[in-house]
Amino acid sequence: MQATLSGVTAAGVPVVDGIPFARTGREELQGRVADLLADGEVDRARVALFADADDWWTEPAPPAEQLAQVPAARTLREAMDTLGMGRVGDYFAHRWSDPTHLAGLALLGRHWPGDAPVVDVACGIGTQLRELARRGVADLVGLDVVWSKLWLARRFVCPTARYVCADVTTAPDLQVTGPAYVTCHDAFYFFRDKPAAAAAMTRLAGLEGTVVVGHAHVADPHGAPLPPQDYARLLHATVLYDDEELTRSLLERRPPRPAPAEELVGSEAIALVAGDLRGPAPVDLGEPLEPLRPNPLYTDGRLHWPSERYAAEYGPRSAHLPDRWPDPLPADAARRRLLVDLPEQW
């Protein structure tokens, strides 16, 4: 779907700041945004979209006057604070060093898209798309049901990708040609209709394409996790990994070891690959790209988690981050994410 900067497509889909809003179940909001655009009220249309959230979110939207200030934010963190993203903002702000992100890099590094077009389903603020773009992948599409996350991705994280706000099961034509690389990281377990999502991702990839699902929870109070065998059956996956094994492999500079589904029943989360398995990346994704900055989780020489919730989820799996800032820095400081490649306007 080609998007004008702001307006309504021939199919009646409203577009604000280059991002179409085609989310299923939001027809009233679509109509309201389209009417505002027809009246030239782009700012009010943007605020209306900023107020929309996913179905799992329980916090009220900030007042319209506050949301109207988001475009004036100078940094990603300021914009997320103004959007009232709370705990989700904490996760996005520190994504670059968490073990889940490292597992995703290991997965990408082992099954690299090459020159295939990439569709990142539930892409959030575009963290994975940014990694792909900085490593030379040109044809990138980010799909998510939350318009504000896509706005953040386009504004602060990965401006070269195309973004569409839609559910993967009912997305409009994404204009992806040829066998595609369809990925979904740390989100598939939240999908309510997983069979429909898996089928839609398989169609997007095409007969010779690839479907990659990372960090699919097996046991978690959040979302709606499945056993490994059920994930594999839905996705027709032929290669599976334990998520912690992926993280360790990146830190240890080695290929990750796959495992059969029956051996992953006790895993917290797993990753799966279906279709064309592709080959390894031509570069080491364990080494972040310049420019590097000290990990902002460290203040006054100590590791400080942004919240108790974040500490409980990621602390036990973040042995790569020492409690104290080491002096001198070890040779593998970048690989261990003591040094990180944050977006310029982080």
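Quick notes on this one:
- Across region 123-254, the volume of the C-alpha convex hull divided among the residues equals 129 Å³ per residue.
- Residues whose placed amide H lies under 5 Å from that of HIS320, excluding near-sequence neighbours: none
- Note on the chain: with neighbouring protein chains present and a 1.4 Å probe, carbon and sulfur make up 52 percent of its accessible heavy-atom surface.
- Backbone N within region 214-233 under 15 Å of label point (7 Å from ASP55 Cα along the Cβ vector): 223-225
- Taking each residue as 0.36 nm, the span from TYR298 to ASP323 lengthens on full extension beyond its C-alpha to C-alpha distance by 8.1 nm.
- Cα convex hull volume per residue for region 45-169 (Å³): 113
- Dipole-positive endmost among GLY7, VAL88, LEU29 within region 7-108 (Cβ charges, Cα centre): VAL88
- Our note on the geometry: Cα centres of region 255-280 and region 304-319, 25 Å apart.
- Region 101-126 and region 146-215 have Cα centres separated by 11 Å.
- Dipole magnitude of region 52-91, debye to nearest 20 (Cβ charges: Lys/Arg +1, Asp/Glu -1, about Cα centre): 220
- Count Lys and Arg as plus one, Asp and Glu as minus one, and take only other residues whose Cβ is under 10 Å from that of SER307; the net charge is then -1.
- q = 0.11 Å⁻¹: log10 I(q)/I(0) that the Debye formula gives for the chain, counting C-alpha atoms only: -0.72
- Span-rule helices in the chain, defined as complete DSSP H runs reaching 20 Å or more along the axis (Cα) with Kyte mean at least 1.0: none
- A 1.4 Å probe run over the chain, with the rest of the protein chains in place, finds 43 Å² accessible per residue.
The values are calculated or read from the model by the stated rules, or taken from the named source; none is laboratory data. In this text, all values refer to a predicted model and were calculated from it rather than measured experimentally. FYI the Cβ positions are ideal-geometry reconstructions off the backbone, even for glycines, and counts take in every protein chain you see. Only protein heavy atoms, including side chains, enter the accessible area calculation; ligands, DNA and RNA are left aside. Shrake-Rupley method; radii C 1.70, N 1.55, O 1.52, S 1.80 Å.
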